[in-house]
Amino acid sequence: MLKTAMCGKSFWIGCSALALVSPLQAAPVIFSDAGPTPVDIADTVEAFKVQISQTGPTAQNNGVGGGPFSVGFRAVDWDLVPTANATPNLMPGDFFNTTAPVGVVMSTTGAGFRVSAKTGEGRPLRFGDIQPSYETTFQSYDGERIMAPSLSTQTDVIFFVPGDNTVPAFVRGFGVVFADVDRTPLSSLQFWDIYGNSLGTFFATPSDNGLSFLGVWFNGPEEVGRVRINSGAPPLFAGVDDGAWGGLADMVTLGPFFFSEPLAIPEPGTAALLSLGFLGLLWRRR
């Protein structure tokens, strides 16, 4: 059940105990929940979808392609990734901007992105092919596939217009389902605006072997140009169980992403020029 409280179970506004936020921005609305099964976080996930949709009492999923739309939300659904791009192969970071366009491009400090196997693909589920214990450590929120950056715990996300995947875009809200967050502060979302200014860092609530949801909606003029997802420590690695090293190991995987419809950065104008330079730096990193 969704609860409203300062630093409460499901969401709060500008809670300083779990968020480091620039004093120049409006207070963000934070949706946070954790529990042993998908059912335990579903009400908060749905409330976040409604918030980022801006369509009244019912969320509007704009699906893949089309647009841009003035309202609604987009989602990264790992089950859309084909067998050829699933483990042990790597998924291209621009898969969800080109092949299944919802307007995101991902980069990482690691070797790329791994998406877990589905039933019938002849490999263990939930990254059991990397380490057998992971198959029972992790679970998915919906569908079967989950994602983890390879040899890294960092995923950077930038945005493009789903109807034209060459046009840089911004969002006003972004959320992620994390699997098996054991402790804080390791798993988090960091936000920057289209100028590269920090919009704050927000931490996921732990749920050992369970699921955690963290979503942030910016209720002011902020235009989010980049999000960094930090997912536990260390990365998934053969021979290393979650909780190893005296309980210090906190392996975390990622479920679906949910975000408001990516809207084109206004141009011509300073914002567009600055954002293009900022995105160029990220592309060189990728």
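Annotation: per residue accessible area for region 103-232 equals 29 Å², rounded to a whole number [probe 1.4 Å, protein chains only].
Karplus-derived 3J(HN,Hα) values for region 240-247, using 6.51 cos²θ - 1.76 cosθ + 1.60 with θ = phi - 60°, are 10, 7, 4, x, 5, 6, x, x Hz; glycine and proline are entered as x. For LEU199, what charge total do you get from the other residues with a beta carbon under 15 Å from its beta carbon, if Lys and Arg give +1 and Asp and Glu give -1? That sum, taken over residues with Cβ under 15 Å, equals -1. Ranked by the mean number of other Cβ atoms within 10 Å per residue, highest first, peptides 116-129, 85-98 order as 85-98, 116-129.
Expressed as a whole percent, the accessible surface of region 122-246 that belongs to carbon and sulfur atoms is 50, based on a 1.4 Å probe. The HN-Hα couplings worked out from phi for region 257-265 by the Karplus form 6.51 cos²θ - 1.76 cosθ + 1.60 (θ = phi - 60°) are 9, 10, 7, 5, 3, x, 10, 4, 5 Hz, whole numbers, x standing for Gly and Pro. When you restrict to C-alpha pairs under 8 Å that are six or more residues apart and normalise by the size of region 82-181, the relative contact order lands at 29 percent.
Packing, as the average of other Cβ atoms within 10 Å across residues, places the peptides 139-147, 206-214 in the order 206-214, 139-147, highest first.
The values are calculated or read from the model by the stated rules, or taken from the named source; none is laboratory data. Given the structure is predicted, the values throughout are model-derived calculations rather than measurements. Neighbour counts are summed over all protein chains in view; Cβ atoms, including those assigned to glycine, are modelled from backbone coordinates with ideal geometry. The accessibility values were calculated without ligands, DNA or RNA, using every heavy atom of the protein model including side chains. Shrake-Rupley method; radii C 1.70, N 1.55, O 1.52, S 1.80 Å.
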